[in-house]
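J.: This is the structure, below, for whatever I ask next.
The values are calculated or read from the model by the stated rules, or taken from the named source; none is laboratory data. Model, not experiment: these values are computed from the prediction. Note that we place each Cβ from the backbone using ideal geometry, even for glycine, and neighbour counts take in every protein chain shown.
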Amino acid sequence: MENLLALLDTVLDVTVMTLALLILLGLLTVAVLYVIDVTQNTQAIRKNYPVIGRLRYVFEHLGVFFRQYFFAMDREELPFNRAQRTWVARAAKRIDSTVAFGSTKPLNRPGDIFFLNGAFPPTAEEIQAHTPTPVIFGEASVARPYTAPSLFNISAMSYGALSGPAISALSQGAYQSGIWLNTGEGGLSPFHRQAPCDLIFQIGTAKYGVRDEQGRLDASKLTELAAIPEIKMFEIKLSQGAKPGKGGILPGEKVTEVIASTRGIPAGQDSISPNRHPEVTSVESLLDLIATVRDVSKKPTGIKFVLGQTQWLDDFCAAIHSRGIDSAPDFITLDSADGGTGAAPQGLMDNMGLPVAASLPLVDAALRQAGLRDRIRLIATGKMVNPAGMAAALCLGADVVCSARGFMFALGCIQALQCNENTCPTGITTHDPKLQKGLNPTLKATRVANYADSMKEEVDLIAHSCGILDPGNFDPTHAFIINDEGRPEGLGAKLTG
């Protein structure tokens with residue numbers, strides 16, 4: 001008994017000493033922070049309210065996460081709300097995505113597009129017997145046209161902006177689902193070829209992957225890429241929705257040796273693309289670049305841009321007719337002002353360019369007026385991560401829809417908004433090996449494929465509800481838009497009026 005009491009006394013003494021030490025360390029820490037705060041001159045709150053003032057910055061940082069998980073309603077948050085993200089997550093995991101009791105989506109929010117159900121939807125037997133009309137690129141311009149296997153595909157995401165494991169998962173998932181993967185402007189990396197999926201090679205303003213030492217287009221490198229069977233088309237990027245008028249931005253800490261060798265640039269240095277192709281100064285020189293890429297590659301070639309000022313588009317169509325319809329691009333990828341990126345100035349991301357819901361009908365109408373719509377395919381991209389967004393784009397004139405951030409959600413993105421800081425907690429947009437290890441490419445590839453398959457299935461379902469067999473047959477008569485007064489208005493009347 002005496003030994004037990006002695007042991008308890010010893011434990012008590014150690015506990016008291018430990019607490020005293022912790023209190024002393026706490027007081028010392030507070031004293032050090034107090035001295036630091038009152039002697040610094042960069043933050044007034046810390047100087048006027050030493051130590052306590054630091055809580056303001058802690059709460060400011062944590063507020064982003066508290067709003068996301070506790071305070072924001074299901075359909076409030078931006079850039080993507082919880083309802084949108086949850087659908088993607090459930091689709092990627094093949095979890096039942098049905099809902100009960102009633103929709104939480106407002107029915108009177110101006111600008112929202114809804115669909116008009118048909119009186120006589122096709123039966124299961126009619127759907128089974130139907131063969132969709134394929135979308136063919138470059139049928140009239142190249143010896144090797146490309147028949148797209150899907151109306152929904154993976155939009156441009158570069159290796160560099162995304163990690164190697166993320167690109168590997170996208171490549172494998174694209175192959176499993178039978179969709180294409182756009183390389184983004186960062187060139188063709190080994191991770192893009194983890195599976196023999198169809199690839200669209202994007203040529204950005206810095207011409208990564210096809211550049212010479214001066215940053216000009218290198219025809220020999222372009223020829224080598226064109227010889228790769230998986231590369232089906234080439235896309236010349238003029239501008240991007242999140243930062244129209246500014247080139248890509250990749251911080252030096254993300255420029256690893258593999259990224260540097262893929263892009264043809266020095267490792268460890270900021271990779272900043274020019275704001276336009278230096279040789280493209282007019283619609284005429286743009287057509288020259290399209291012709292050069294197509295003549296060298298012998299594959300369909302198109303352009304990507306976000307629409308702002310529209311006069312140049314009329315000039316572009318006129319120049320095509322002047323040269324001959326064969327000079328037209330094989331496709332136009334139209335990005336949205338609410339498109340995403342890993343890093344962009346807020347002034348551009350928040351305020352520049354037209355959203356695709358406004359620009360897509362304009363481009364479609366301009367091409368139809370010029371008699372070029374049958375010649376030029378339209379690809380829409382920008383914030384279309386759910387079936388309704390894709391179906392709406394098809395109603396507005398798109399032939400094909402692509403998504404980037406939807407597939408990031410399928411990979412496990414939690415919208416932490418840290419894409420530009422190399423600290424992505426899910427390993428998607430970071431090149432920190434410690435963070436990348438959490439992303440299993442094999443598992444995530446299955447989720448990428450599941451998401452793509454779910455999108456296609458639900459868009460088919462919307463089409464069938466509208467009374468059509470094929471989503472490729474969507475047109476403005478199948479939808480309506482909520483006007484500024486909160487009332488439904490025919491989408492066709494809105495576009496023509």
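J.: For L287, all conditions in the list (1) closer than 18 Å to S239 by Cα; (2) crowded, with 16+ Cβ neighbours inside 10 Å; (3) within 24 Å of the chain's Cα centre (by Cα) hold save one; what is the number of the exception?
T.: Condition (3) is where L287 drops out.
J.: Also, I was wondering about something else. What is the number of the single condition among (1) outside any helix (DSSP H, G or I); (2) hydrophobic (A, V, I, L, M, F, W, C); (3) within 24 Å of G382 (Cβ to Cβ) that V459 does not meet?
T.: (1)
J.: In segment 387-402, what residues are touching a helix residue (DSSP H, G or I) at 6+ places or on another chain (Cβ under 8 Å) and buried (at least 22 other Cβ atoms within 10 Å of the Cβ)?
T.: Scanning segment 387-402 gives P387, M390, A391, A392, A393, L394, C395, L396, G397, A398, V401.
J.: How about segment 233-343: which helices (runs of 4 or more DSSP H) wholly inside it have at least 3 residues that are of a type in the set (S, T, Y)?
T.: Filter on segment 233-343 gives 283-297.
J.: Using the structure shown, decide if F234 is surrounded by 19 or more Cβ atoms within 10 Å (Cβ to Cβ), in the same structural domain as M157 (by TED's automatic domain parsing) and without any contact (Cβ under 8 Å) to a residue 40 or more places away in the chain.
T.: no
J.: Only residues in segment 476-490 that are outside the structural domain of D364 (by TED's automatic domain parsing) count as the first member; pair them with residues that are assigned to a helix (DSSP H, G or I) and of a type in the set (D, E), Cβ under 8 angstrom, at least 6 apart or cross-chain, and list the lot.
T.: Filtered contacts from segment 476-490: no entries.
J.: It is to be established whether one or more residues within segment 442-460 are surrounded by fewer than 22 Cβ atoms within 10 Å (Cβ to Cβ), modelled with pLDDT under 90 and either under 20 Å from Q84 (Cα atoms) or in the same structural domain as G339 (by TED's automatic domain parsing) (or both).
T.: No: zero hits.
Residue by residue, here is whether (1) surrounded by fewer than 11 Cβ atoms within 10 Å (Cβ to Cβ); (2) charged (D, E, K, R) holds:
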residue: R75; (1), (2): no, yes
residue: N81; (1), (2): no, no
residue: R90; (1), (2): no, yes
residue: D96; (1), (2): yes, yes
residue: A100; (1), (2): yes, no
residue: S103; (1), (2): yes, no
residue: L107; (1), (2): yes, no
residue: P110; (1), (2): no, no
residue: F115; (1), (2): no, no
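Per-residue answers, yes or no, for (1) among the aliphatic types (A, V, I, L, M); (2) touching a helix residue (DSSP H, G or I) at 6+ places or on another chain (Cβ under 6 Å):
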residue	(1), (2)
K243	no, yes
G247	no, no
P251	no, no
G264	no, no
A267	yes, yes
P274	no, no
R294	no, no
S297	no, yes
P300	no, no
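J.: Okay, moving on. Against the condition in contact (Cβ under 8 Å) with a residue 60 or more places away in the chain and crowded, with 24+ Cβ neighbours inside 10 Å, how does M384 come out, does it pass?
T.: no
J.: Testing P190 on (1) modelled with pLDDT under 95; (2) touching a Leu at 6+ places or on another chain (Cβ under 6 Å), one condition comes back false. Which one is that?
T.: In the conditions (1) modelled with pLDDT under 95; (2) touching a Leu at 6+ places or on another chain (Cβ under 6 Å), P190 misses (2) alone.
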